[in-house]
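Everything on this sheet refers to the single structure shown next.
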Amino acid sequence: MITCYIFSTISFLMLLTVFAQSFYPFKIIHASALSFLILTSIIYLFTETLIMFFFVGTGVSIKEYMLEQKIYGDFHQRSIGVKRRVYPPQLLNLLILMIAFILFGAADTQKISPWLYRAVLAVGIIQFIDAKLIQNICFRDNTKIILDMSGIKRA
C-alpha cells in the first residue's frame, strides 16, 4: 500500500510537469516533452494497475482466508463494496488521461488547438486528485475490513 502512495505521488508530480511542458517545452533529464510524456504515461499506467491489483489481491486473500479459517461474516462483501467505490473514478481517470496523452500528438502536429489538449489534461489532473482521495478512503476501509476479520481492535 505504501508503494501505491509513493507511485501515486510520483505520477502526480510527473503529470504536473507534463502540464507545465504544454506551455513551455523544456527538457528533463535530456528528455523532450514527448519523451517525458511517454515516460509519464508508463509510470502512471503502472501505478494505476498496481492499485487495481492491490484491491483485487486483498479481496481474493480475504475470501481465501475466510474459507480456510471457516470465518463467517460480510468481510468479502465489504471488500467487493470497496472495489465498487474505487474502480469507477480510477477507470474514468485512466480514460481522461489516456485521451489527453493521445491528444498531445494531435496538438504537437497542429491538428487541434493546444488549448484543447491542455484543457483535457487539466481535467484529468483534477479528476486524478479526486480519484486519489477516494482511493485513500478505500485503502483505509480495506485495512479496517482486514483488521475486523482478524479480530484486531484499533486504537
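Every read-out reported here was derived from the displayed coordinates using simple, explicitly stated rules and does not represent laboratory data. All of these numbers come straight from a predicted model, not from anything done at the bench. Cβ coordinates were reconstructed from backbone atoms using ideal geometry, including for glycine residues, and neighbour counts include every protein chain displayed.
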(message) Let me spell out the model: positive unit charges on the Cβ of Lys and Arg, negative unit charges on the Cβ of Asp and Glu, origin at the Cα centre of the chain. What dipole size does that give, in debye rounded to 20?
(response) 260 debye
(request) Give me the angle, in degrees from 0 to 90, between the Cα long axis of helix 114-150 and the longest principal axis of the Cα atoms of the chain, rounded to the nearest 10. (result) 10 degrees
(request) Find how many whole Å separate the alpha carbon centroid of region 17-44 from the alpha carbon centroid of region 80-98. (result) 25 Å
(request) Consider all pairwise Cα distances in the chain and report the whole-number % of them above 18 Å. (result) 61 percent
(request) Give the angle, between 0 and 90 degrees and rounded to the nearest 10, that separates the Cα long axis of helix 75-108 from the longest principal axis of the Cα atoms of the chain. (result) 10 degrees
(request) Subtract the Cα-Cα distance of PHE23 and SER61 from 0.36 nm times their separation in residues, and report this length gain in nm to one decimal. (result) 9.1 nm
(request) Starting with the fewest neighbours, write out GLU64, GLU48 ranked by other beta-carbon atoms found within 10 Å of each beta-carbon. (result) GLU64, GLU48
(request) Order by neighbour count: THR109, THR143, fewest other Cβ atoms within 10 Å first, most last. (result) THR109, THR143
(message) Rounding to the nearest 10 and keeping the result within 0 to 90°, find how far the Cα-based axis of helix 2-23 lies from the longest principal axis of the chain.
(response) 20 degrees
(message) Could you tell me the relative contact order of the chain? Use alpha-carbon pairs under 8 Å, at least six residues apart, and round to a whole percent.
(response) 26 percent
(request) Would you please name the trypsin sites (Lys or Arg not before Pro) within region 47-91 that are DSSP coil residues with at most 15 other C-beta atoms within 10 Å of their C-beta? (result) LYS70
